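Engineer: If you scroll down you'll find the structure; I have some questions about it.
The values are calculated or read from the model by the stated rules, or taken from the named source; none is laboratory data. Here the structure is a predicted model, which means the values were calculated and not measured. Please note: Cβ atoms are built from the backbone with ideal geometry, for glycine as well, and neighbour counts cover all protein chains shown. We work out accessible area using only protein heavy atoms, side chains counted, and drop any ligands, DNA or RNA first. Shrake-Rupley method; radii C 1.70, N 1.55, O 1.52, S 1.80 Å.
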Amino acid sequence: MSRRLAGLAALTLLVGGTTACGDDAADPRPSDGASAIGAATTSPSATTEDASPIDTYADVEPAPQALDASLVDGVEAFGIWADAEAEETPQQLGGGTRTDDGEAVAVALSSREGLLAMKNARAEIRYLDRHSGLATGPLEMLDPVVVDGLEMARARGASINGLDVDFFIHATGERTIELDFLTPASLGEAEREEWIGQVMATLEISAR
């Protein structure tokens, strides 16, 4: 089983009763390629030439449940929501819980290197747009975010069972770090950002 397939299995089990939709392509993945990302535009960077980047989630209260970041290459710290059921395996961390309304929320963090890592975040998202087993339609590019001083590309798509999926990607060409969030489509944007931000505020990425 490829790392991405293993990640899909872990993420969908964590949300309880949600199953991945569609087939995933086997790694190693192509180096690039056209995609069906609709209405994608290049968003302005969160940095300026003369200023240090400001972390997007700097003012968000971090999630309190720390996971074993040493299991994932390139990650120095990572945490999930307090009452989430944790999943910790080599190159894969995550957890799932439910909102007050009983709807599923889950996150999976993974990294890959060498031939499994594409040249940049755009290429990674183009691949996800074509082959992700979590999204059921075209992905929409959103504004990038800054986490631990590094820019991460972001894309969103519809998933199954009334869920949306948000992908966050940091890619150097040598290593890719990916976070996948499943959240209820019924959530307001502010509440969705609170759920996501609590986890993103815990993420520390190694300098390499």
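Engineer: For a paramagnetic label modelled at 7 Å from the Cα of residue 113 toward its Cβ, which residues of the stretch 149-181 fall within the zone defined by backbone nitrogen distances under 14 Å?
Structural biologist: 172-177
Engineer: Here is a further query. Rounded to the nearest percent, how much of the accessible area of the stretch 76-205 (1.4 Å probe, protein heavy atoms only) is carbon and sulfur?
Structural biologist: Whole-percent figure for carbon plus sulfur exposure: 44.
Engineer: Once label points are set 7 Å from the Cα along Cα→Cβ at both residue 100 and residue 71, what is their separation, rounded to one decimal in nm?
Structural biologist: Inter-label distance under the simple model: 3.1 nm.
Engineer: Quick check: the distance between the Cα centres of the stretch 175-208 and the stretch 89-118, to the nearest angstrom?
Structural biologist: 10
Engineer: Provide the per residue accessible area, probe 1.4 Å, for the stretch 76-205, rounded to a whole number of square angstrom. Can you show the working numbers first?
Structural biologist: Values: 4650 Å² over 130 residues.
Computed with neighbouring chains in place, this is 36 Å² per residue.
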